[in-house]
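See below for the structure under consideration.
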Amino acid sequence: MLEKSQVDMEKIVSLSQRRGFIFQSSEIYGGLASCWDYGPLGVELKNNIKKAWWRSIVQERDDIVGIDSSILMHPKTWEASGHIQGFTDPLAECKECHLRWRIDELKSANCPNCNGELTEPQRFNLMFKTFIGPVEDKASITYLRPETAQGIFVNFHNILNTTRKRLPFGIAQIGKAFRNEITTGNFIFRSREFEQMELEYFVKPDSDEHWLNYWLEERLRWYINLGIKQGNLRLRQHGQDELAHYARNCYDIDYLFPMGWSEIEGIANRGDFDLRQHSEYSGKNLDYFDGDTNGHYFPIIIEPSAGVDRSLLAFLIDAYDEEPDKDELRVLLHLHPDLAPYKAAILPLSRRPPLVALAKDVYDSVRRHLMVSYDNSQSIGRRYRRQDEIGTPFCVTVDFESLNDNQVTIRDRDTMNQIRVPIEELTQVLIAKLAGENFVTQPLWKTE
Ligand code: ATP
């Protein structure tokens, strides 16, 4: 097992490009800085992360509903939210090389690139401006959303009226967000276009600290249940000087990346700022009528806000491993089965027609239930290694014996243990093993 400190970002970048997880955006034109494209395996992994989040936040609960709001919003949204005024980084420009630097990240008074003298800092808004309609005048300016949360706040009454939810309840959303980030780098950690998984959880005043603690635990557990090692996660409370002006309290869930501890999710107590602001700016009262007390008030909002791309990077790094394998190196991803792009690979031992025909039948029957791949090129050893490297939990080998006994061999990615099962039970056995049944436990039919 590799020590954490031995996993550097280059290995992850190289694997991602080699195997089609992640490519540089617009690569043939020299790339577009801090924008990334997810390849065939990357999109599966990403979808699986989003599915796991949606299942745990929306589908397995009665108190949270989903939404998918528009990326473009009325420009007044961003006045009310404070983004036009406050969503800025102070930047200084180097008088020599003209690179711009975030003042809060500078470690010296001079340019880190050429040591040149820096200008006085200026505020730089992180939102991407765009124009609605054909005329680029001021009236048609709006912004690409820098977070998905505002689409939830402005729909608060729509959801309340259509679902009849009572406090405490939440609204969840997964979607793209855009920020014109100044300091980028570290692969997909900080990009200009990324996806967020945001939950806005509305609670009664005075219960906010309880719910903040509840969500800190829930969210930490989510990462751990999906395979991230507990020791590589920590909670970090924001100091008073770091808190957004409206926030009452805030924690980051940090992951131990190769470049050090860095945020993968923020969990904030936003007070009643958001609904109050949108009420004021829209002229529509977004308060809540509490039938228990017969009173009106603005609920307090607890917001767990996670990044899809950042957590994907953490899942990849945490899963990455290298083992000596004869004269070579076995690279493998110990991805949780729920996240692995393929759940199994169907591999005929040779390309002889009867074996290929049987393997294709097996493939067709399993793929109706699970995302599986089929591979009949090169030696079986190489094919195992290719699957290990992309995190496929199980390889199913169809061999000559299979033609006689109608059984196939399943090989476990992590232990390389093998079991043999009848073809007609294969899907069922795979589903049980993927759900966590001990790999060497024989299926029921064997012990009967
Ligand atoms: P940072 O301080 O690293 O810029 P932030 O505190 O501004 O992050 P939030 O506004 O709390 O981030 O956003 C919530 C989550 O969205 C973050 O925890 C992260 O996972 C994700 N996120 C934010 N900005 C980016 C980005 N530029 N690229 C990728 N993911 C991002």
Of the candidates Ile159, Ile224, Ile174, Ile182, the one satisfying the condition of being out of contact with any Phe, Trp or Tyr (no Cβ under 6 Å at 6 or more places or on another chain), under 28 Å from Leu45 (Cα atoms) and more than 14 Å from the ligand (Cβ to nearest atom) is Ile224
Residue among Tyr255, Tyr251 that is within 19 Å of the chain's Cα centre (by Cα), within 11 Å of the ligand (Cβ to nearest atom) and open to solvent by 20 Å² or more (accessible area, probe 1.4 Å): Tyr251
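Are there strands (runs of 3 or more DSSP E) fully within the range 385-437 with at least 3 residues that are in contact (Cβ under 8 Å) with a residue 24 or more places away in the chain and crowded, with 22+ Cβ neighbours inside 10 Å? List them.
So the answer is 394-398.
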(1) over 27 Å from Phe315 (Cβ atoms); (2) assigned to a loop (DSSP other than H, G, I, E, B); (3) among the acidic types (Asp, Glu): which one isn't true of Asp338, the others all being true? (1)
Name the single residue, out of those in the range 290-335 being part of a strand (DSSP E or B) and of a type in the set (A, V, I, L, M), that is farthest from Asp414 (Cα to Cα). Ile300
Of the conditions (1) open to solvent by less than 40 Å² (accessible area, probe 1.4 Å); (2) assigned to a loop (DSSP other than H, G, I, E, B); (3) not charged (D, E, K, R), His369 fails just one. Which one is it? (1)
Kindly provide the set of residues from the range 353-384 that are in contact with a Cys (Cβ under 9 Å, 6 or more places away or on another chain) and β-branched (Val, Ile, Thr), ordered by number. Ile380
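Residue by residue, here is whether (1) closer than 26 Å to Gln196 by Cα; (2) open to solvent by 50 Å² or more (accessible area, probe 1.4 Å); (3) assigned to a strand (DSSP E or B); (4) out of contact with any Lys or Arg (no Cβ under 8 Å at 6 or more places or on another chain) holds:
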| site | (1), (2), (3), (4) |
| --- | --- |
| Ala92 | no, no, yes, no |
| Trp101 | yes, yes, yes, yes |
| Val135 | no, yes, no, yes |
| Ile152 | yes, no, no, yes |
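The values are calculated or read from the model by the stated rules, or taken from the named source; none is laboratory data. Source: prediction; values computed, not measured. Every residue, glycine among them, receives a Cβ derived from its backbone with ideal geometry; neighbour counts consider all protein chains shown. What goes into the accessible areas is simple: the full protein's heavy atoms, side chains included, and nothing from ligands, DNA or RNA. Shrake-Rupley method; radii C 1.70, N 1.55, O 1.52, S 1.80 Å.
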